[in-house]
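**Q** Take a look at the following structure, please.
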Amino acid sequence: MASDAKTASSFEEGLKGASEKVAEFHEEQSFLKRLQHWLHQTPSAVPLIVLMVALLVFGVLAENFFKAGTLSVVLQQIAIVGILGCAQSIVILTAGIDLSVGAIAVFSSVLMGQATFRYGVPAELAIVIGLILGTAMGAMNGLLIAKMKLPPFIATLGTWQILLSANFIFSANETIRSSDIAERAAALQFWGGSIQPGGIKILYAVFLMIALVAIMSYVLRSTAWGRHVYATGDDPQAAELAGVPTGKVLIQVYALAGFFCAVAGWVMIGRFGSVSPTASTGQLGNIQSITAVVIGGISLFGGRGSVVGMFFGALIVGVFEMGLRLVGTDPQWTFFLIGVLIIFAVAVDQWIRKVAS
Amino acid sequence: MEPLLKGTNLVKRYGKVTALDHCDFDLYPGEILAVIGDNGAGKSTLIKAISGAVIPDEGEITLEGKPIRFSNPIEARAAGIETVYQTLAMSPALSIADNMFMGRELRAPGIMGSVFRKLDRPRMEKFAREKLNELGLMTIQNINQAVETLSGGQRQGVAVARAAAFGSKVVILDEPTAALGVKESRRVLELIRDVRARGIPIILISHNMPHVFEVADRIHIHRLGKRLCVIKPGEHSMSDAVAYMTGAKLPEGVAEPV
């Protein structure tokens, strides 16, 4: 055996005297390459830069723009999209997509309202019921995707229609009026309350959105579960072999997304005052949240991006809407520019991901 | 001596394809067992059956005499069987430290860890750096760099270091030197010997005959979904082994498989 070993490794004798270092390369990196590398490591930098530029441009173009009042309205406008965006972010980080976020939000708000007004449940308990049912709707998405192996796009395309129509059927298209809620179930409108330091109105909903973004940012970055969410989206087979229970992670992610949607539903009651099954969020919530996520630099291929980026993405949309309105252009320009931004964001993502190969 | 890990009569079918055909397998304490075989012979399925990635249709596996039945790789790992897959099973966008601790993260001490579930990053990074140093993979400057920014050889090194660091009963290496240069291969072979010196047996799957004949104590030759024979490297030549595994020649005392 000893002699065998010698013959086997004789070609390695050429190694004697060779450098002990592993190959190192010191290439002159161009500015573009370094920029690409930097963006690769800090994916929320792109939306932050776009946001800064947008703020500067509108600050110059519209004189009223840089007023605390205007900026607080922008935050107020994006509160719901920001919360739905938290849900959409974790889903897209797993390389999935959730088209049912808006439907879950509206249905949950209707369930909270009807539990109080049709069944006489105390408002606080009705909220808990709504949050639980919203979580259950999300968990159902998760089961379809993790257990039945349906593609997320198809599964949630289905549940979106199912939940939205169930919402119309259950509520009999009935809106609960704001004044009735204020009178009998004020807790439902809690997030519509505000503090007014120096006359500037800041909704509780805005604080809630910022708190959720901060919490999710911590969870995704600094806990094992957060790392598992990224690993599941990055390469599910590898994650499974490395010991990540990917099926469980997916169900938890969709269930948590459902919970955030139900929270958004509760916030909607505060923002709009009334409980309306026909709220536009049911139809548009998914597109708005996906837009925030994509502009925020989260890769639709999963495993890349941050929830803080999503927050910047939502802010960009809000700043564009507000800024263009103050400048006085045709509101269609908002959508035109957001469309351009989406394509720009995805193109940047593709470019950044080339670092990997 | 009793085998540490023993497979009896293992069968695995994928539809009409039989990947494992009443296959037996033995791993003795403290040895390096090489598994060689032609492409499609069922080596990978055998390894996956042992490491929990595939559940055999029939047959029994015992570890230290106790029957085991893993339904996923996590259970196998919990039992002390650590595997380096050919695909390496790493998340490209995550850091080296994250990858080394994937699925067994360390939590920070005190309330930050128990209530807020905060990861103990400094401890994980220190451990990862030590393990990579042992393997001589020092040109990795930053333990927090994403795995996708590493070269193929470095990635393989990280995967091997991960298995060697955590394997307590058995370490399985599937083609560990396939993507490595001469120097890096040498280090991996040294590492394999180090692991054996700690008393942990190793299963080495490889097509590289010089490496197999150099480090293996015994060689399990796999052919047509089952164990054809087990040979000692000192008693047979490399060309014999290749002839056996390709069916060009039959080892003594083995009948032609039907």
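**Q** Taking helices (runs of 4 or more DSSP H) that do not extend beyond the stretch B:89-199, which have at least 2 residues that are within 13 Å of chain A (Cβ to nearest Cβ) and either modelled with pLDDT under 90 or surrounded by fewer than 19 Cβ atoms within 10 Å (Cβ to Cβ) (or both)? Write out each step before concluding.
**A** Working: elements: B:96-100, B:111-114, B:121-134, B:152-166, B:182-197.
Once the helices (runs of 4 or more DSSP H) in the stretch B:89-199 are filtered for at least 2 residues that are within 13 Å of chain A (Cβ to nearest Cβ) and either modelled with pLDDT under 90 or surrounded by fewer than 19 Cβ atoms within 10 Å (Cβ to Cβ) (or both), what remains is B:111-114, B:121-134, B:152-166, B:182-197.
**Q** Can I ask one more? Among A:I92, A:I78, A:I104, which is farther than 30 Å from A:S171 by Cα and in a helix (DSSP H, G or I)? Can you show your working first?
**A** Numbers: A:I78 fails: farther than 30 Å from A:S171 by Cα; A:I104 fails: farther than 30 Å from A:S171 by Cα.
Matching residue, one of A:I92, A:I78, A:I104: A:I92.
**Q** Give the residues of the stretch B:216-235 that are facing chain A (nearest Cβ under 10 Å) and either of a type in the set (K, R) or without any contact (Cβ under 8 Å) to a residue 12 or more places away in the chain (or both), sorted by residue number.
**A** Kept after step one, since they are facing chain A (nearest Cβ under 10 Å), are these residues of the stretch B:216-235: B:216-217, B:232-235.
Those that are facing chain A (nearest Cβ under 10 Å) and either of a type in the set (K, R) or without any contact (Cβ under 8 Å) to a residue 12 or more places away in the chain (or both): B:K232, B:G234, B:E235.
**Q** Now, a different point. Checking A:G59 against (1) of a type in the set (G, A, S); (2) buried (at least 18 other Cβ atoms within 10 Å of the Cβ); (3) out of contact with any Lys or Arg (no Cβ under 8 Å at 6 or more places or on another chain), which test does it fail?
**A** Every condition holds for A:G59 apart from (2).
**Q** Hey, can you tell me all the residues within the stretch B:99-139 that are closer than 14 Å to A:H228 by Cβ and in contact (Cβ under 8 Å) with a residue 24 or more places away in the chain?
**A** B:N99, B:F101, B:G103, B:R104
**Q** If B:F213 satisfies all but one of (1) at pLDDT 85 or above; (2) touching an Asp or Glu at 6+ places or on another chain (Cβ under 8 Å); (3) away from chain A (no Cβ under 14 Å), what's the number of the condition it fails?
**A** Unmet condition: (3).
**Q** Further question: Go through (1) at negative phi; (2) modelled with pLDDT of 95 or more; (3) of a type outside the set (D, E) one by one and return the number of the condition A:K149 breaks.
**A** The one condition A:K149 does not meet is (1).
**Q** Can you tell me which residue is farthest from B:I47 (Cα to Cα) among those in the stretch A:223-243 that are more than 7 Å from chain B (Cβ to nearest Cβ) and crowded, with 24+ Cβ neighbours inside 10 Å?
**A** A:V229
Per-residue answers, yes or no, for (1) surrounded by fewer than 17 Cβ atoms within 10 Å (Cβ to Cβ); (2) in a helix (DSSP H, G or I); (3) among the hydroxyl-bearing types (S, T, Y):
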position: A:T156; (1), (2), (3): no, yes, yes
position: A:T159; (1), (2), (3): no, yes, yes
position: A:L164; (1), (2), (3): no, yes, no
position: A:G198; (1), (2), (3): yes, yes, no
position: A:V206; (1), (2), (3): no, yes, no
position: A:V213; (1), (2), (3): no, yes, no
position: A:S217; (1), (2), (3): no, yes, yes
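**Q** What are the residue pairs meeting all of these: first residue in the stretch B:241-253, first residue farther than 17 Å from B:R218 by Cα, second residue acidic (D, E) and modelled with pLDDT under 85, Cβ atoms under 7 Å, and 6 or more apart or on different chains?
**A** B:L250/B:E256
**Q** Tell me, which residue of the stretch A:310-348 that is farther than 20 Å from A:F58 by Cα and in contact with a Leu (Cβ under 8 Å, 6 or more places away or on another chain) is surrounded by the fewest Cβ atoms within 10 Å (Cβ to Cβ)? Steps first, please.
**A** Narrowing the stretch A:310-348 to residues farther than 20 Å from A:F58 by Cα: A:310, A:343, A:345-348.
This time we only want the ones that are in contact with a Leu (Cβ under 8 Å, 6 or more places away or on another chain), so: A:346, A:348.
Values: A:V346: 15, A:V348: 17.
This residue is A:V346.
**Q** Confirm whether A:I352 is surrounded by fewer than 15 Cβ atoms within 10 Å (Cβ to Cβ), β-branched (V, I, T) and in a helix (DSSP H, G or I). Talk me through it step by step, then tell me what you get.
**A** Numbers: surrounded by fewer than 15 Cβ atoms within 10 Å (Cβ to Cβ): no; β-branched (V, I, T): yes; in a helix (DSSP H, G or I): yes.
Judged against the criteria, A:I352 is not a match.
**Q** Is it the case, given these coordinates, that A:I181 is within 15 Å of A:S274 (Cα to Cα), in contact with a Leu (Cβ under 7 Å, 6 or more places away or on another chain) and of a type in the set (A, V, I, L, M)?
**A** Considered against the rule, which asks whether it is within 15 Å of A:S274 (Cα to Cα), in contact with a Leu (Cβ under 7 Å, 6 or more places away or on another chain) and of a type in the set (A, V, I, L, M), A:I181 comes out as yes.
**Q** Right, another one. For the subset of the stretch B:234-251 comprising residues that are buried (at least 21 other Cβ atoms within 10 Å of the Cβ) and either out of contact with any strand residue (DSSP E or B) (no Cβ under 6 Å at 6 or more places or on another chain) or at pLDDT below 90 (or both), which member is farthest from B:S185 (Cα to Cα)?
**A** Start the filter on the stretch B:234-251 by keeping residues that are buried (at least 21 other Cβ atoms within 10 Å of the Cβ), which leaves B:241, B:244-245.
Next, from what is left, pick out any that are either out of contact with any strand residue (DSSP E or B) (no Cβ under 6 Å at 6 or more places or on another chain) or at pLDDT below 90 (or both): B:241, B:245.
Details: B:A241: 21, B:M245: 24 Å.
Among those that are buried (at least 21 other Cβ atoms within 10 Å of the Cβ) and either out of contact with any strand residue (DSSP E or B) (no Cβ under 6 Å at 6 or more places or on another chain) or at pLDDT below 90 (or both), it is B:M245.
The values are calculated or read from the model by the stated rules, or taken from the named source; none is laboratory data. Keep in mind that what you see is a predicted model, and the values were worked out from it rather than measured. Here Cβ is always computed from backbone atoms with ideal geometry, including for glycine, and neighbour counts include all displayed protein chains.
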